[in-house]
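The values are calculated or read from the model by the stated rules, or taken from the named source; none is laboratory data. Source: prediction; values computed, not measured. Note: ideal-geometry Cβ built from the backbone for every residue, glycine included; neighbour counts use all protein chains shown. Side chains included, ligands, DNA and RNA excluded: accessible areas come from the protein's heavy atoms. Shrake-Rupley method; radii C 1.70, N 1.55, O 1.52, S 1.80 Å.
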Amino acid sequence: MAAPLDMEPSALSLELLPTDPLLLILSFLDYRDLMSCCCLSRRLNQLSSHDPLWKRHCKKYWLISEEEKRKRNQSWKAVFISTYSDLGRYIRYYATLKKAWDDLEKYLGQRCPRMIGSLKESVREEDLDAVEAQIGCKLPDDYRCSFRIHNGQKLVVPGLMGSMALSNHYRSEDLLDIDTAAGGFQQRLGLKQCLPLTFCIHTGLSQYMALESVEGRNKYEIFYQCPDQMARNPSAIDMFITGTSYLEWFTSYVNKVVTGDYPIIRDQIFRYVHDKECVATTGDITVSVSTSFLPELSSVHPPHYFFTYRIRIEMSKDALPEKACQLDSRYWRITNAKGDVDEVQGPGVVGEFPIISPGRVYEYSSCTTFSTTSGYMEGYYTFHCLYYKDKFFNVTIPRFHMVCPTFKVSTARMVSGDAVVFILETNHNEYAVDEDEDSTDTDEYEDRRRVLDIPAPPGRCPRHT
């Protein structure tokens with residue numbers, strides 16, 4: 001018999017719903033909502049405590065493996081809650097930074113194992129709180145989170161944050177531990193409320209993070225300082241910007257390392273950037289180029305932008321033995337951002353005349369300067385055949401561009417008394433003002449790969465004029 005039309009449907013009870021569909025729904029909830037469900041009813045409390053639900057959150061936010069969970073001898077929910085009670089304030093950053101650290105350690109463990117030994121263990125929350133009290137500034141949570149994983153490294157060579165070597169110039173940056181960083185906290189004009197993140201014991205160079213938006217800097221901006229050499233006031237500090245936050249700065253660096261964008265040379269990370277299109281093949285010989293900007297040898301005022309480049313010359317292993325040849329000379333065509341052209345020609349490279357044979361690779365480093373914020377180089381090498389000594393040919397060097405990173409120009413001038421006015425302008429890689437100094441190739445002082453493991457004394461790379 002059909003039910004009367006005016007009969008109201010019975011209320012659907014949560015207790016009557018089947019378990020599997022409810023668990024499926026709960027599996028889409030974030031940890032906050034899952035915790036809230038625990039307080040709504042006895043049934044939801046039981047379902048929300050279903051351990052597989054918390055396994056996903058443990059892996060997503062804390063990167064906890066099955067093995068680690070077994071060692072703790074806890075349920076997934078208990079593991080999540082105990083970890084959250086310790087690291088909960090960092091839940092937005094922890095997984096990203098932990099993965100970056102894990103990837104870096106795995107990569108370096110296979111290629112630069114001695115660098116792993118320089119890493120320090122994590123610090124406690126109270127240690128970070130004590131540093132904040134010491135410097136009178138709050139540390140950003142992503143920075144604090146990284147130190148809950150690793151407390152930087154010892155002051156050793158090579159540094160974790162990359163190296164660079166030329167004939168009489170060497171830089172290797174360590175990632176500072178929290179106490180050393182706090183000891184270098186700046187309150188002087190031009191660097192007020194800036195915390196050093198890195199340090200090179202050879203050059204004294206640091207990358208700083210601004211902890212407050214003062215003197216024209218953005219809060220948590222990361223930069224290399226560059227004193228204005230044309231200003232009368234020593235507090236006029238220009239900035240070569242390297243990051244907008246600690247998370248972005250650190251993870252982007254790690255990504256370049258573990259993907260091989262930064263090469264490992266003699267147990268050191270070298271911060272050369274290779275454009276994959278910057279390769280030229282002539283016959284059996286391939287030439288590729290990587291470049292790097294050196295802030296410690298550059299200045300905005302006067303405009304002097306210093307770049308180093310690394311050349312790789314390789315002959316195909318499938319080439320015939322009679323294709324062996326020797327490099328005789330080089331030719332460079334150097335163009336700055338204003339279109340001014342400088343041509344350089346000279347014998348050999350690094351004072352040598354390398355022989356290239358099938359399967360052989362020859363690499364060297366050199367440098368150049370521009371009075372503009374960008375420029376490019378191209379050219380060719382002249383070789384002669386070893387089997388046919390009267391046969392000469394040119395090998396193309398691909399065009400490669402060099403661009404100064406974004407910078408802010410700080411002009412500090414005295415007004416009344418000891419007051420200082422800071423005017424900051426942001427560079428968008430337009431060319432700089434006219435300058436008498438032209439772009440210069442310095443091949444005579446190129447540094448071969450074989451010497452990169454010997455730190456040279458600090459100083460400027462000499463220039464060929």
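Using the heavy atoms of the protein chains alone and a 1.4 angstrom probe, what is the accessible area of the range 20-90 per residue in square angstrom?
On the way: 4160 Å² over 71 residues.
Per-residue value: 59 Å².
Of the heavy-atom accessible surface of the range 253-344 (probe 1.4 angstrom), what whole percent is carbon and sulfur? It would help to have the intermediate numbers written out before the result.
Working: 1550 of 3570 Å².
Here carbon and sulfur together make up 43 percent of the probe-accessible area.
For the range 217-359, what class follows from the C-alpha gyration tensor (a ≥ b ≥ c being the square roots of its eigenvalues): rounded when a/c is under 1.5, otherwise prolate if a/b is larger than b/c, else oblate? Don't jump to the answer; show the numbers that get you there.
Values: a/c = 3.04, a/b = 1.67, b/c = 1.82.
Because a/c hits 1.5 or more and a/b fails to exceed b/c, the range 217-359 counts as oblate.
What full-extension length gain, to one decimal in nm, is calculated for Lys106 and Ile355 as 0.36 nm per residue of separation minus the Cα-Cα distance?
Details: separation 249, 0.36 × 249 = 89.64 nm, distance 3.66 nm.
Taking Lys106 through Ile355 to full extension adds about 86.0 nm, to one decimal.
Under a 1.4 angstrom probe, counting protein chains only, how are Arg56, Arg310 ranked by accessible area, largest first?
Details: Arg56 95, Arg310 35 Å².
Largest accessible area first, the list is Arg56, Arg310.
Multiplying the sequence separation of Lys60 and Asp20 by 0.36 nm and subtracting their Cα-Cα distance, what value in nm do you get? Can you show the working numbers first?
Details: separation 40, 0.36 × 40 = 14.40 nm, distance 2.26 nm.
That pair, Lys60 and Asp20, stretches by 12.1 nm at full extension.
Quote the accessible area belonging to Phe353 in square angstrom, nearest 10, computed with a 1.4 Å probe and with ligands, DNA and RNA left uncounted.
Spelled out: Phe353, probe radius 1.4 Å, area about 100 Å².
Ignoring everything but the protein chains, give the 1.4 Å probe accessible area of Thr281 in square angstrom, nearest 10.
90
What whole number of Å gives the distance from the Cα centroid of the range 305-368 to the Cα centroid of the range 157-227?
If we compute the Cα centre of each part, the gap is 34 Å.
If the cut-off is 17 Å between C-alpha atoms, which lysines fall inside it for Lys389, apart from same-chain ones fewer than 8 positions away?
Here the lysines satisfying the reach criterion relative to Lys389 are Lys323.
Using heavy-atom solvent-accessible surface (probe 1.4 Å) with all chains present, what is the largest-first order of Tyr376, Tyr224? Please report the intermediate quantities before stating the final value.
Numbers: Tyr376 50, Tyr224 10 Å².
If we order Tyr376, Tyr224 from most to least accessible, we get Tyr376, Tyr224.
Can you figure out the FRET efficiency of Cys38 with Asn168, using R₀ = 60 Å and their beta-carbon distance, to the nearest 0.05? Intermediate results must be reported in sequence, preceding the final value.
On the way: r = 66 Å, r/R0 = 1.10.
The pair Cys38/Asn168 has a calculated efficiency of 0.35.
Kindly report, to the nearest 10 Å², the accessible surface of Arg89 as traced by a 1.4 Å probe over protein heavy atoms only.
Counting only protein heavy atoms, Arg89 exposes about 110 Å² to solvent.
Using alpha carbon centroids, what distance separates the range 377-411 and the range 74-131, in Å?
The range 377-411 and the range 74-131 have Cα centres spaced 43 Å from each other.
Dipole of the range 114-248 (Lys/Arg Cβ +1, Asp/Glu Cβ -1, origin at the Cα centre): which of Gly190, Leu139, Ser245 lies farthest to the positive side?
Positive-end residue among those listed: Gly190.
For a 28 Å ceiling on Cα separation, which of these pairs sit above it: Lys60/Lys256; Lys55/Lys154; Lys106/Lys192; Lys317/Lys391? Could the numbers behind the result be given before it?
Details: Lys60/Lys256 23 Å; Lys55/Lys154 36 Å; Lys106/Lys192 37 Å; Lys317/Lys391 21 Å.
Beyond 28 Å: Lys55/Lys154; Lys106/Lys192.
Take the alpha carbon gyration tensor of the range 94-255, find the square roots of its eigenvalues, order them as a ≥ b ≥ c, and report rounded if a/c is under 1.5; if not, report prolate when a/b exceeds b/c, else oblate.
Values: a/c = 1.85, a/b = 1.23, b/c = 1.51.
It comes out oblate by the Cα gyration axes.
Expressed in nm to one decimal, what extension gain is obtained for the pair Ser122 and Lys256 from 0.36 nm per residue of sequence separation less their Cα-Cα distance? Present the calculation step by step, with values, prior to reporting the outcome.
Details: separation 134, 0.36 × 134 = 48.24 nm, distance 2.37 nm.
Length gained between Ser122 and Lys256: 45.9 nm.
Provide the FRET efficiency to the nearest 0.05 for the Thr382-Arg114 pair, computing r from the beta carbons and using R0 = 45 Å. Show your work: numbers first, answer last.
On the way: r = 41 Å, r/R0 = 0.91.
Efficiency at R0 = 45 Å is approximately 0.65.
If you take the square roots of the eigenvalues of the alpha-carbon gyration tensor of the range 20-90 and sort them as a ≥ b ≥ c, do you get rounded (a/c under 1.5), prolate (a/b over b/c) or oblate?
prolate
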